[in-house]
Amino acid sequence: MHEKEEQYRLLTEAAKGSEAAREELVRNNLGLVKSIACRFSCSGYEWEDLVQVGCIGLVKAIERFDTAFDVMFSTYAMPLILGEIKRYIRDDGRIKFSRELKSGIVRLKNSRERLSKELGRSPKLSEIAEAMDTDRDSILNLMEAERTMYNIGSLDDPEGGDRAERDSRIICGEEEQIDRIMLKSMIETLPPRERQIIILRYYKDMTQSEIARIMGISQVHVSRLEKKILAKMGAALSRDEENTEK
């Protein structure tokens, strides 16, 4: 049985009240939730908390999915999972940094400064990793977290009058990242010709006339198709946003 057929079978059973089917669906799609949560591993939120929040969106997707949609369940579930995390970040009000993450950033800073003095130059990533007895990916994650923390103030910076404004900018950045992910997943579900038009128009920055020549149709036809596609995508985004508020 193909993956889509198996998912639909489980979804149908879950809709009839089968807890076993529901639990299996959660297990089967937990990797999707974790991969989305990983995108925010440097935001200061605990990864386990983000996974739990994402699972709420996954459960909502299981409850609301209709096999008449005729799409992969993961395609339908992704915006709901992202939307749940988006609402969690928005409602929480600010980026948080765990004690462990703060400690790691301090160690990174100290190691970098010490190596710079010893070597007489900026240390390489591998040298910092060796000094901190960790791997390159962990150092890269700490550096990314350090940049985020720098944007909202130093470790021992007291809460100031402009702190909320800086935090707000960080939150907006996270929301924009989520919206880009949601948009990408939506584009991937478009029929080939519609997907080609959107990619050429908005990612390759081509004019309607240039697209018309490539596709062998008129510029007027491209214009009509573009308006139709954008209207369809806008309506879908609005539905996803409404679903996350329920």
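The values are calculated or read from the model by the stated rules, or taken from the named source; none is laboratory data. If you're wondering where the values come from, they're calculated on a predicted model, not measured in any experiment. Don't worry about glycine lacking a Cβ; one is built from the backbone with ideal geometry, like all the others, and counts go over all protein chains shown. Each accessible area value is taken on the protein alone, full model and side chains, heavy atoms only, with ligands, DNA and RNA left out. Shrake-Rupley method; radii C 1.70, N 1.55, O 1.52, S 1.80 Å.
Rundown of residues vs (1) open to solvent by 60 Å² or more (accessible area, probe 1.4 Å); (2) at pLDDT 60 or above; (3) within 18 Å of P79 (Cα to Cα), yes/no style:
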{"residue": "Q177", "(1), (2), (3)": "no, no, yes"}
{"residue": "Q196", "(1), (2), (3)": "yes, yes, no"}
{"residue": "L200", "(1), (2), (3)": "no, yes, no"}
{"residue": "Y203", "(1), (2), (3)": "yes, yes, no"}
{"residue": "S209", "(1), (2), (3)": "no, yes, no"}
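What helices (runs of 4 or more DSSP H), lying completely within the stretch 1-57, carry at least 3 residues that are open to solvent by less than 60 Å² (accessible area, probe 1.4 Å), touching a residue at least 24 places away in the same chain (Cβ under 8 Å) and on the phi < 0 side of the Ramachandran plot?
Numbers: elements: 3-15, 19-28, 30-38.
Per the criteria, 3-15, 30-38.
If you go through the stretch 199-221, how many residues are in a helix (DSSP H, G or I) and either of a type in the set (K, R) or in contact (Cβ under 8 Å) with a residue 40 or more places away in the chain (or both)? Please lay out each step first, then the result.
First pass over the stretch 199-221, keeping only residues in a helix (DSSP H, G or I): 199-203, 208-215, 219-221.
From what is left, the residues that are either of a type in the set (K, R) or in contact (Cβ under 8 Å) with a residue 40 or more places away in the chain (or both) are 201, 213.
Final tally of qualifying residues: 2.
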